[in-house]
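A short worksheet on the structure shown next.
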Amino acid sequence: MQHFEPDAMATVLYAVIEPGLDRMHIRLAGHFPPVIAYPGQPAELASVVTGAIFGITDQVRRPVTTVQIPPGALLCFYTDGLIERPGELIDDGLARLCQAVTAQSPEAACAAVMHALVGSGPARDDIALLMVRRQPDHAGVEVDAGA
Amino acid sequence: MRVPDAGFPVEVIRSVPVVAAPEDIDITNAAGLRTALLQAAARGNGTVVVDMSHTQFCDTARIHALVGTHKRARAEGGQVLLVIGVAAVLRILSITGLDRVIPNFSSLEQALAQTPAAHQDRK
C-alpha cells in the first residue's frame, strides 16, 4: 500500500481466538478496540495496545494483546461509523456503545446496539458490527454480524 | 495570507507555513484542508505546521487529511508537525496510532522550535 496506493489508508483489527476459547490474541492498526461484556457486569473497552493505522508507515511495530474470554462473555467489534457523530467527543460515543452492550446472544446484542446508537433513521456513515459470544455452558462460540 | 481554494488561513512564521485547521474537521472540509496542507507544505520545502489548537472534533476517517500530507512531506525531506489543543483530538491521534508517527505539540511555539528552519536559525 505504501508503494502502489500512497494516498490510501485503512484501519485493521486482527484477532485470533484460541481453540480452547479462553483467550483471544488481538492486534490493532488504528482501529477502535473491541468492547467486552462479562456476564452480569457493565461492558468496557478491551484494554488493547493500539498500533499505527495502515498506510502511514511500514516501520511501526504493532503489539499483540491477549484478552481473556470467560464463559458467557460477549465481544463487540465495530467500525467508526457506529460511534462517531459530528461535533461529539469520541469518548461519548464509546461510552454510549459500552452502555448498550450486554452479555447476551449475539443477535440480541446487535439489535440492542443498532437501536441505541443508530435508531430508526438512516446512518450517517457506513457501519460494520460483529458480535462474538462464548457460550456460558462451554458449548462453543456464537457469531452474528449486522450492517 | 489565505489559500483561495481551500479557505484555511495560512501564515508563514520563520519560513515555516502554519495552517490553521478548523474547529471541526469533517466530511465537508477534510478534502479542502488536505489541499491547503499540501499547498502549504510545497511552499515550506515539505514542512508544514498544522495548528489544530482550535480543533475540537476530527473523526477517524477525516484524519486522512493529515496522513496524506505527512507522507508527502516525508517523501520531500520535510515533516508535518501538529499543534493539538484539546484532549479529544489527541485521543483520535492515539487511537489511530498517529501520535507515534507525526510529532505533536501543545503549543505553536514548541512546534516551530522543531522545524528545520528553526534549527538553521540556531546555526
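Every number here is computed from the coordinates shown, using simple stated rules; none is lab data. These numbers come from a predicted model, not from an experiment. Every residue, glycine as well, gets a Cβ built from its backbone with ideal geometry; the counts of neighbours run over all protein chains shown.
What is the distance, in nm, between label points placed 7 Å from the Cα along the Cα-to-Cβ direction at A:V49 and at A:V118?
Inter-label distance under the simple model: 3.4 nm.
For region B:2-108, just say rounded, prolate or oblate: build the C-alpha gyration tensor, square-root its eigenvalues into a ≥ b ≥ c, call rounded for a/c under 1.5, and beyond that prolate if a/b exceeds b/c, oblate if not.
rounded
What does a probe at B:E76 reach in region B:33-56, counting residues whose amide N is under 16 Å from the point 7 Å along Cα→Cβ?
B:33-50
Report the local net charge at A:A128: Lys and Arg +1, Asp and Glu -1, summed over other residues whose C-beta lies under 13 Å from its C-beta.
-4
Quick one: compute the contact order of region A:12-146, relative version, from alpha carbon pairs under 8 angstrom and 6+ residues apart, as a percent.
24 percent.
Could you give each residue of region A:67-76 its phi-based ³J(HN,Hα) in whole Hz, using Karplus coefficients 6.51, -1.76, 1.60 with θ = phi - 60°, and x for Gly or Pro?
Per residue, the Karplus-derived 3J(HN,Hα) values read 10, 7, 10, x, x, x, 6, 10, 10, 10 Hz.
Taking H as built 1.01 Å from N, whose amide H comes closer than 5 Å to the amide H of B:F8, not counting residues under 5 places away?
B:V3
Where is the GNM fluctuation largest for chain A (alpha-carbon springs, 10 angstrom cutoff): A:A52, A:A73, A:A37?
Checking each option, the largest mean-square fluctuation is seen for A:A52.
Counting helices only, and only those DSSP H runs with n ≥ 4, report the 222 nm mean residue ellipticity of the protein assembly as shown as the sum of -39,500 (n - 2.57) divided by its residues, in deg cm²/dmol to the nearest 500.
Counting only the DSSP helices, I get -8000 deg cm²/dmol.
Classify region A:29-139 as rounded, prolate or oblate from the Cα gyration tensor: take a ≥ b ≥ c as the square roots of its eigenvalues, call it rounded if a/c is under 1.5, otherwise prolate when a/b beats b/c and oblate if not.
Working: a/c = 2.06, a/b = 1.12, b/c = 1.84.
Oblate is the answer for region A:29-139, as a/c is 1.5 or above yet b/c matches or exceeds a/b.
Roughly what angle does helix B:30-43 make with the longest principal axis of chain B, taking Cα atoms, 0 to 90 degrees, to the nearest 10?
0
In whole angstrom, how far apart do the alpha carbon centroids of region A:108-130 and region B:1-62 sit?
Each part reduced to its Cα centre gives a spacing of 33 Å.
Taking the simple approach of a point 7 Å from Cα along Cα-to-Cβ for both A:S105 and A:A10, what is their distance in nm?
Distance between the two pseudo-spin positions: 3.3 nm.
Figure the gain on full extension for B:A42 and B:A87 (residue separation times 0.36 nm, minus the Cα-Cα span) and round it to one decimal in nm.
13.3 nm
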